Amino acid sequence: REDILSGKYEENEELREVAIGEELGVSRTPVREAFRQLELEGLIRIVPNKGAYVTGISEKDVKDIYMIRSRLEGLAARWATEHITDEQLEEMEENVYLAKFHAEKGHLEQLAELDNRFHEIMYEASGSKMLEHQLKDFHQYVIRVRKKTLSSARGPKSNLEHEGIMQAIRSKDGDLAEKLAHEHIINAYENLVKAGFA
């Protein structure tokens with residue numbers, strides 16, 4: 001999955017069971033099972049008696065993921081206002097503070113990592129493993145595209161939005177947290193389109 005999402009394999013490229021098995025040091029059986037999973041996720045298509053081919057993620061897929069994610073992130077933020085622990089809130093505050101520091105210094109790699117972690121803390125704080133699992137999956141799909149946009153002017157703006165979400169969660173304002181988290185993802189998508197990545 002990571003190799004497909006990172007662009008190591010191009011769209012329509014054939015994936016060979018034997019070669020991938022050798023590369024990963026496993027037999028063909030787990031590779032075949034992984035192919036089935038990736039087909040369910042829509043990342044490859046398996047053509048009987050021919051092979052497995054990369055479908056990748058289209059612009060529409062990216063848009064769909066962001067639109068669905070915006071709703072689910074809102075829900076995660078709302079639930080986080082009800083379930084967040086003191087430790088999680090402390091980590092969230094530290095995350096925002098560190099991201100501000102790295103944004104000022106232009107440390108884009110650290111900024112991307114902190115951005116990912118902010119969302120993970122919120123998913124964990126939602127208290128729903130189902131929601132957390134769903135959002136982490138979506139997060140994986142768009143991570144490559146997101147890294148590019150965080151390296152633009154979006155980084156500091158994104159962190160300001162995180163700060164707003166965190167404050168709403170801290171003050172237990174579910175409506176505001178949901179609204180801000182939803183808008184945060186919509187803003188991220190609009191920035192993506194403006195930057196020409198979707």
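Return yes when GLU33 is farther than 20 Å from LYS136 by Cβ and of a type in the set (Asp, Glu) and no when it is not. Talk me through it step by step, then tell me what you get.
Details: farther than 20 Å from LYS136 by Cβ: yes; of a type in the set (Asp, Glu): yes.
For GLU33, the condition - farther than 20 Å from LYS136 by Cβ and of a type in the set (Asp, Glu) - is met.
List pairs: first residue in the stretch 1-15 and surrounded by 13 or more Cβ atoms within 10 Å (Cβ to Cβ), second residue in a loop (DSSP other than H, G, I, E, B) anywhere in the structure, Cβ distance under 7 angstrom, at least six positions apart or on different chains.
ARG1/LEU43; ILE4/LEU43; ILE4/GLY56; LEU15/TYR9
When both residues are 6+ apart or on different chains and their Cβ atoms are under 6 Å apart, which pairs have a first residue that lies in the stretch 130-142 and is surrounded by 14 or more Cβ atoms within 10 Å (Cβ to Cβ), and a second that is at pLDDT 80 or above?
Pairs that qualify, where the first residue is surrounded by 14 or more Cβ atoms within 10 Å (Cβ to Cβ) and the partner is at pLDDT 80 or above, are LEU131/ALA76; GLU132/TYR123; LEU135/LEU72; LEU135/TYR123; PHE138/ILE65; PHE138/ARG69; TYR141/ILE65; VAL142/ILE65.
Can you run down the residue pairs with Cβ atoms below 7 Å, 6 or more apart or on separate chains, where the first is in the stretch 81-100 and in contact (Cβ under 8 Å) with a residue 60 or more places away in the chain and under 17 Å from ASN159 (Cα atoms) and the partner is open to solvent by less than 100 Å² (accessible area, probe 1.4 Å) and of a type in the set (Phe, Trp, Tyr)?
Once the first residue is in contact (Cβ under 8 Å) with a residue 60 or more places away in the chain and under 17 Å from ASN159 (Cα atoms) and sits in the stretch 81-100, its partners that are open to solvent by less than 100 Å² (accessible area, probe 1.4 Å) and of a type in the set (Phe, Trp, Tyr) give MET92/PHE118; ASN95/PHE118.
Look at the stretch 37-70 and say how many of its residues are exposed (fewer than 13 other Cβ atoms within 10 Å of the Cβ) and basic (Lys, Arg).
The number of residues fulfilling the criteria is 2.
In the list GLU178, GLU190, which residue meets the criterion of being of a type in the set (D, E, K, R), under 25 Å from HIS83 (Cβ atoms) and either modelled with pLDDT of 95 or more or assigned to a helix (DSSP H, G or I) (or both)? Full working, then the answer.
Values: GLU190 fails: under 25 Å from HIS83 (Cβ atoms).
Result of the check over GLU178, GLU190: GLU178.
Give just the number: which of (1) modelled with pLDDT under 85; (2) open to solvent by 40 Å² or more (accessible area, probe 1.4 Å); (3) part of a helix (DSSP H, G or I) does LEU150 not satisfy?
Unmet for LEU150, out of (1) modelled with pLDDT under 85; (2) open to solvent by 40 Å² or more (accessible area, probe 1.4 Å); (3) part of a helix (DSSP H, G or I): (2).
Under 7 Å between Cβ atoms, which residue pairs at least 6 apart in sequence (or on different chains) link something in the stretch 20-47 that is closer than 20 Å to LEU5 by Cα with a partner that is among the small types (Gly, Ala, Ser) and loosely packed, with under 13 Cβ neighbours inside 10 Å?
Close Cβ pairs satisfying both conditions: GLY21/SER27.
Which ones in the stretch 71-100 are touching a Phe, Trp or Tyr at 6+ places or on another chain (Cβ under 9 Å) and at pLDDT below 95?
The one that is touching a Phe, Trp or Tyr at 6+ places or on another chain (Cβ under 9 Å) and at pLDDT below 95: ALA99.
Give the stretch 1-22 a look and list any residue that's part of a helix (DSSP H, G or I) and either touching a strand residue (DSSP E or B) at 6+ places or on another chain (Cβ under 8 Å) or modelled with pLDDT of 90 or more (or both), or say none. Let's see the steps before the verdict.
As a first pass, look at the stretch 1-22 and keep what is part of a helix (DSSP H, G or I): 2-5, 17-22.
Of everything in the stretch 1-22, those that are part of a helix (DSSP H, G or I) and either touching a strand residue (DSSP E or B) at 6+ places or on another chain (Cβ under 8 Å) or modelled with pLDDT of 90 or more (or both) turn out to be ILE4, GLU17, VAL18, ALA19, ILE20, GLY21, GLU22.
What is the residue count in the stretch 23-47 for residues that are among the hydroxyl-bearing types (Ser, Thr, Tyr) and part of a helix (DSSP H, G or I)? Step through it out loud before you land on a result.
Here is the first cut: in the stretch 23-47, the ones among the hydroxyl-bearing types (Ser, Thr, Tyr) are 27, 29.
Those left that are additionally part of a helix (DSSP H, G or I): 29.
Total satisfying the criteria: 1.
Return the only residue of ALA99, ALA19, ALA112 being open to solvent by less than 30 Å² (accessible area, probe 1.4 Å) and more than 16 Å from the chain's Cα centre (by Cα).
Numbers: ALA19 fails: open to solvent by less than 30 Å² (accessible area, probe 1.4 Å); ALA112 fails: more than 16 Å from the chain's Cα centre (by Cα).
Sole residue among the options that is open to solvent by less than 30 Å² (accessible area, probe 1.4 Å) and more than 16 Å from the chain's Cα centre (by Cα): ALA99.
The values are calculated or read from the model by the stated rules, or taken from the named source; none is laboratory data. These figures come from a predicted structure and were not determined experimentally. Every residue, glycine among them, receives a Cβ derived from its backbone with ideal geometry; neighbour counts consider all protein chains shown. We work out accessible area using only protein heavy atoms, side chains counted, and drop any ligands, DNA or RNA first. Shrake-Rupley method; radii C 1.70, N 1.55, O 1.52, S 1.80 Å.
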